[in-house]
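The next block holds one structure in the form of structure tokens; read it before the comments.
The values are calculated or read from the model by the stated rules, or taken from the named source; none is laboratory data. If you're wondering where the values come from, they're calculated on a predicted model, not measured in any experiment. As a convention, Cβ positions derive from the backbone with ideal geometry for all residues, glycine included, and neighbour counts pool all protein chains shown.
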Amino acid sequence: MKSNKSISGITLIEILIGIVISMIMMGAMFTSYTVVNNSYSQVSDKAKISQSARNLVGMIIRDVRMAGFKYFNDNIKQTNELIPIKITKSSNFKSDCDKIEIVYGDVHFNKSKTPQYTYERFKVTYFCKKSQIIDKAKSSSNKNVYIEAFAVYKKKEKWNENTSQWQDPKKDKLPNGNNDERTYGEEKVVDYVQDLVFHAIDENGNQIKPPPTATNATKDFIFKIKTVDIALTKRTRKEFYKKNVTKPIRSLIDGSRDISKTDKYLRESIIISANTRNLGLL
């Protein structure tokens, strides 16, 4: 039999040292994971607001490019309601955003009717409403407080020549009696919006003030809008910074719509110009 002196083992002190070293390593790993996870969350939140903002702006650009389009033989009578672009400026950007109405033509084909082609007009509208998302940090069991942001909505209507009005999408029918699925009532596109600004720009690059309508002082510029400048400011859903930060957001052209808030949310703006390809053409 072997002597006890030849049996090797681990002392209690060595075990404790191993435990301490393991705990230090696990703490370092957890700290690294926390830092990486927080960084990933911030990058992810920033990417989300950028992506949703780009999606909305891209949608608006496509519609602006269609403004004023109509087919060569289009026989729909021009009225004050059918101007290609109508921008309604916000009277108080803290309670509302700008609104844009875009009108363009289309055609419906029905081989069983004579004539087979029916010319149409559609209007796409983008507008804001106060967000209905509850701010859990400020709300109580007795009162709901909503976040300080807007939700952007979109709707699409069809012109009714018989009544000379925009048709209610719920009552919109095709010539064959089926529901016209090309139109729809107001639908929310995106939330957490801080401001949405539209400027009408002429061929010289100057802002048209006020934006032209069928009856105001700049009505002669209705068909002379060459671009529409779009500025969209959006914030993150969750708090982005660890401490309160004041980060001013500059608006288009003048400072009347600048945003400056002190909180932990990240805000980013997208500013872009959309060309009106069908206006000013003979």
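A compact table of results
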quantity	calculated
Candidate set from the range 172-182 (those that are surrounded by 11 or more Cβ atoms within 10 Å (Cβ to Cβ), in a loop (DSSP other than H, G, I, E, B) and more than 22 Å from the chain's Cα centre (by Cα)); member that is modelled with the highest pLDDT	D180
Where E239 falls short, out of the listed (1) surrounded by 20 or more Cβ atoms within 10 Å (Cβ to Cβ); (2) within 20 Å of the chain's Cα centre (by Cα)	(1)
Residue check, T118 in a strand (DSSP E or B), in contact (Cβ under 8 Å) with a residue 24 or more places away in the chain and touching a Lys or Arg at 6+ places or on another chain (Cβ under 8 Å)	no
Cβ-Cβ under 6 Å pairs, at least 6 apart or on other chains, the range 195-220 side farther than 14 Å from R257 by Cβ and in a loop (DSSP other than H, G, I, E, B), far side among the small types (G, A, S) and modelled with pLDDT of 95 or more	I208/A200; P211/A200
Of the criteria (1) without any contact (Cβ under 8 Å) to a residue 24 or more places away in the chain; (2) surrounded by 15 or more Cβ atoms within 10 Å (Cβ to Cβ); (3) more than 23 Å from the chain's Cα centre (by Cα), which one P169 fails	(3)
Restricting the range 105-123 to residues that are of a type outside the set (D, E) and under 20 Å from T163 (Cβ atoms), the residue that is modelled with the lowest pLDDT	H108
Subset of the range 91-116 [of a type outside the set (F, W, Y) and within 30 Å of K234 (Cβ to Cβ)]	S91, N92, K94, S95, D96, C97, D98, K99, I100, E101, I102, V103
Residues of the range 129-166 satisfying the condition of being among the hydroxyl-bearing types (S, T, Y), part of a loop (DSSP other than H, G, I, E, B) and free of Cβ contacts under 8 Å to residues at least 40 places away in the same chain	S139, S140, S141, T163
Residues being under 18 Å from G177 (Cβ atoms) and of a type in the set (K, R) - total across the range 91-121	2
Number of the condition not met by F93 [criteria: (1) touching a Ser or Thr at 6+ places or on another chain (Cβ under 9 Å); (2) farther than 30 Å from D258 by Cβ]	(2)
Among (1) at pLDDT 90 or above; (2) buried (at least 18 other Cβ atoms within 10 Å of the Cβ) - the single one N206 does not satisfy	(2)
